[in-house]
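Student: Mind looking over this structure? Questions follow.
The values are calculated or read from the model by the stated rules, or taken from the named source; none is laboratory data. Here the structure is a predicted model, which means the values were calculated and not measured. Methodologically, a virtual Cβ is constructed for each residue, glycine included, from the backbone with ideal geometry; neighbour enumeration extends over all protein chains shown.
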Amino acid sequence: MSNAESSTKPLQRTGHVATAYKNGVLVWGGYRETERTTIYLPGNELWFYDTFLEKWNVLDPFMAFTPLPHLPMKSQALRCLENAKQENVSEESVDGRHEAWRGTSHRARQGAVAQVLGDAMYLFGGFLTDRNTNQLYRLDLTTLTWELVDAQGDLPIPCDKMAGWTYRDWVGTMRLEKRLLCNRNNIQTLVTVLRGWSNQLVAFNTQTNSWSWPMYKGTAPVARAAHAAARIDGQVFIFGGRHQQIRLNDIHRLDLTTMHWTGVLRTIGEKPRGRSWHSFTALPPFRIVLYGGFSQTEEPLSDCWLFVVPALTWVRVEVQLPPRLWHSACLSCELEVIVFGGCARNIFQQDGIQAEDTVITLSFSPRSLYRICLERALRLRHVLQSQWPMLPPSVRDTLYLMHGNTQGSRLDGS
């Protein structure tokens, strides 16, 4: 378990979205509080965390994505922006407008859901400064162009604090379709400004640009908000969340082939405490990582659990971690869970939300021998750096990038 620091990194935030992409994590949106005001992070700012180099870069819409040399086998990376500077956030920037970002402009928000399919990031819902929304945006990650999707079908009710996942499904025409699904909750009613809970499902077909409402069988989870979902193959697991005044610790399974809900699963072993605002991250081939959250007694949680899917068994991970709630967690291509942001204190305290800007890496298996060798060479650079130029270009350039010095080498390996 490790913390990553960088001189150039995103501001502290909660309620942001994060999603894995190639060999890193994309981070967008969210908000933070100061002594004077609440600031929504600008919609024109997209961050990329390289999980191999453990470095942040703010993405430039005029910089194309190219492979980095540090994963020579099959993984690709976003091109590092060596001179990227973090922009100051002001109240004037909250609507997310910026000349360099092409396409439909959109407002910053918190509590949205984001998923990547291919080279596109889909951003749905969330809470704006004054209301929930049901807008769906698509960001082309090769050009950094935003598009407000003109979707067909019955739209979801505006919502935030929902859970989402992606799934590839064969349909009657035998055409492979990609779908973005959200467990819709915390709806804003059409008549009042009161907020409630819902347990309805909605699916978006990225091939036909259409919303649908899948029919399902079995016993669906009780309505809830601020829960979390993880997909293992063709099964989605829902854990926790808040229903009215209760923070739950139940777990449910939805079979995406038969669209059958199991009801509350009977699990083996000690169960985690009820919570909301936690993370629940699939760790293939058969485990899910639960971390943090906010307890029934309004306590920020720091515990970590593994849910073993075939055995329906909870296993507590005996490790000391800082408390986190309303954070993000993504699985890296190195099969590490990358946690960013969130809050470490009671979110309802009078002094407001004190957001975090640290990265926590949860590792459940040894790092690769290649990565261990690179890290060792970096630690012994006072002895070995003079010999780095004799290494293969991909290895040499990776060491320079890890050291933060690209003089004498290009990012494309030439």
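Student: For segment 230-244, give me the residue count where each residue is crowded, with 23+ Cβ neighbours inside 10 Å and out of contact with any Leu (no Cβ under 8 Å at 6 or more places or on another chain).
Tutor: Looking only at that region, the number is 1.
Student: Hey, among the residues in segment 390-411 that are surrounded by fewer than 13 Cβ atoms within 10 Å (Cβ to Cβ) and over 32 Å from the mean Cα position of the chain (by Cα), which one's modelled with the lowest pLDDT?
Tutor: Once the filter is applied, the top-ranked residue is Gly408.
Student: On to the next question. Quick one: would you say Arg367 is farther than 28 Å from Arg231 by Cα and of a type in the set (Lys, Arg)?
Tutor: No: the conditions fail for Arg367.
Student: Mind counting the residues in segment 349-358 that are on the phi < 0 side of the Ramachandran plot, more than 16 Å from the chain's Cα centre (by Cα) and surrounded by 14 or more Cβ atoms within 10 Å (Cβ to Cβ)?
Tutor: Counting residues in segment 349-358 that are on the phi < 0 side of the Ramachandran plot, more than 16 Å from the chain's Cα centre (by Cα) and surrounded by 14 or more Cβ atoms within 10 Å (Cβ to Cβ) gives 3.
Student: Within segment 153-168, which residues are farther than 22 Å from Leu256 by Cα and in a strand (DSSP E or B)?
Tutor: Answer for segment 153-168, where residues must be farther than 22 Å from Leu256 by Cα and in a strand (DSSP E or B): just Cys159.
Student: Looking for whichever is out of contact with any strand residue (DSSP E or B) (no Cβ under 7 Å at 6 or more places or on another chain) and closer than 24 Å to Ile353 by Cβ here; the options are Glu298, Glu318, Glu334. Which one fits?
Tutor: Every option except Glu298 fails the conditions.
Student: Restricting attention to segment 203-258, which residues are under 20 Å from the mean Cα position of the chain (by Cα) and acidic (Asp, Glu)?
Tutor: Asp233
Student: Now for a separate question. Give the residues of segment 349-392 that are out of contact with any strand residue (DSSP E or B) (no Cβ under 9 Å at 6 or more places or on another chain) and either aliphatic (A, V, I, L, M) or in contact (Cβ under 8 Å) with a residue 40 or more places away in the chain (or both), sorted by residue number.
Tutor: Those that are out of contact with any strand residue (DSSP E or B) (no Cβ under 9 Å at 6 or more places or on another chain) and either aliphatic (A, V, I, L, M) or in contact (Cβ under 8 Å) with a residue 40 or more places away in the chain (or both): Leu369, Arg371, Ile372, Leu374, Ala377, Leu378, Leu380, Val383, Leu384, Met390, Leu391.
Student: Further question on the same structure: Can Arg247 be described as under 21 Å from Phe294 (Cβ atoms) and not aromatic (Phe, Trp, Tyr)?
Tutor: It is true that Arg247 is under 21 Å from Phe294 (Cβ atoms) and not aromatic (Phe, Trp, Tyr).
Student: Out of curiosity, is Ala100 small (Gly, Ala, Ser), closer than 20 Å to Cys330 by Cβ, at pLDDT below 85 and not in a strand (DSSP E or B)?
Tutor: When the stated conditions are applied, Ala100 does not pass them.
Student: Another question about this same structure. Among what's in segment 293-312 and is in a strand (DSSP E or B) and in contact (Cβ under 8 Å) with a residue 40 or more places away in the chain, pick the residue that is surrounded by the most Cβ atoms within 10 Å (Cβ to Cβ).
Tutor: Within segment 293-312, the match that is surrounded by the most Cβ atoms within 10 Å (Cβ to Cβ) is Gly293.
Student: Then there's this: Anything in segment 103-152 that is among the acidic types (Asp, Glu), at pLDDT 90 or above and part of a loop (DSSP other than H, G, I, E, B)? List them, or say none.
Tutor: Hits for segment 103-152 are Asp119, Asp150.
Student: Exactly one of these conditions fails for Val222: (1) farther than 23 Å from Val17 by Cβ; (2) aliphatic (A, V, I, L, M); (3) surrounded by 21 or more Cβ atoms within 10 Å (Cβ to Cβ). Give me its number.
Tutor: The number of the failed condition is (3).
Student: Mind checking whether some residue in segment 367-375 is of a type in the set (Asp, Glu), in a loop (DSSP other than H, G, I, E, B) and surrounded by fewer than 14 Cβ atoms within 10 Å (Cβ to Cβ)? If you could, list the steps in order and put the result at the bottom.
Tutor: Of all residues in segment 367-375, those of a type in the set (Asp, Glu) come to 375.
Checking which are in a loop (DSSP other than H, G, I, E, B) leaves us with none.
No - not one qualifying residue is present in segment 367-375.
Student: Which ones in segment 334-366 are part of a loop (DSSP other than H, G, I, E, B) and of a type in the set (S, T, N, Q)?
Tutor: Residues satisfying the conditions are Asn346, Gln349, Gln350, Gln354, Thr358, Ser363, Ser365.
Student: Any idea which of (1) surrounded by 19 or more Cβ atoms within 10 Å (Cβ to Cβ); (2) farther than 17 Å from Ile232 by Cα; (3) of a type outside the set (Asp, Glu) is the one Thr361 doesn't satisfy?
Tutor: (1)
Student: Hey, another quick one. Can you report the number of residues in segment 321-357 which are of a type in the set (S, T, N, Q) and at pLDDT 95 or above?
Tutor: So the answer is 2.
Student: I need the full set of residues from segment 347-369 which are out of contact with any Cys (no Cβ under 7 Å at 6 or more places or on another chain) and within 18 Å of Gln110 (Cβ to Cβ), in order please.
Tutor: Ile347, Phe348, Gly352, Asp357
Student: Based on what the data block shows, is Ala311 of a type outside the set (D, E, K, R) and either in contact with a helix residue (DSSP H, G or I) (Cβ under 8 Å, 6 or more places away or on another chain) or under 14 Å from Val337 (Cβ atoms) (or both)?
Tutor: No.
Student: Any chance segment 324-333 includes a residue that's of a type in the set (Lys, Arg) and assigned to a loop (DSSP other than H, G, I, E, B)?
Tutor: As a first pass, look at segment 324-333 and keep what is of a type in the set (Lys, Arg): 324.
With assigned to a loop (DSSP other than H, G, I, E, B) added as a condition, the list becomes 324.
Checked segment 324-333: at least one residue is of a type in the set (Lys, Arg) and assigned to a loop (DSSP other than H, G, I, E, B).
Student: Looking only at segment 260-271, count every residue that is within 22 Å of Ala226 (Cα to Cα), of a type outside the set (A, V, I, L, M) and part of a strand (DSSP E or B) and tell me the total.
Tutor: 3
Student: Among residues belonging to segment 313-348 that are surrounded by 16 or more Cβ atoms within 10 Å (Cβ to Cβ) and of a type in the set (Phe, Trp, Tyr), point out the one that is farthest from the chain's Cα centre (by Cα).
Tutor: Trp314
Student: So which residues in segment 234-259 are part of a loop (DSSP other than H, G, I, E, B) and on the phi > 0 side of the Ramachandran plot?
Tutor: Gln244, Met259
Student: Does Val317 count as touching a His at 6+ places or on another chain (Cβ under 8 Å) and closer than 26 Å to Asp50 by Cβ?
Tutor: Values: touching a His at 6+ places or on another chain (Cβ under 8 Å): no; closer than 26 Å to Asp50 by Cβ: yes.
Spelling it out, it is not the case that Val317 is touching a His at 6+ places or on another chain (Cβ under 8 Å) and closer than 26 Å to Asp50 by Cβ.
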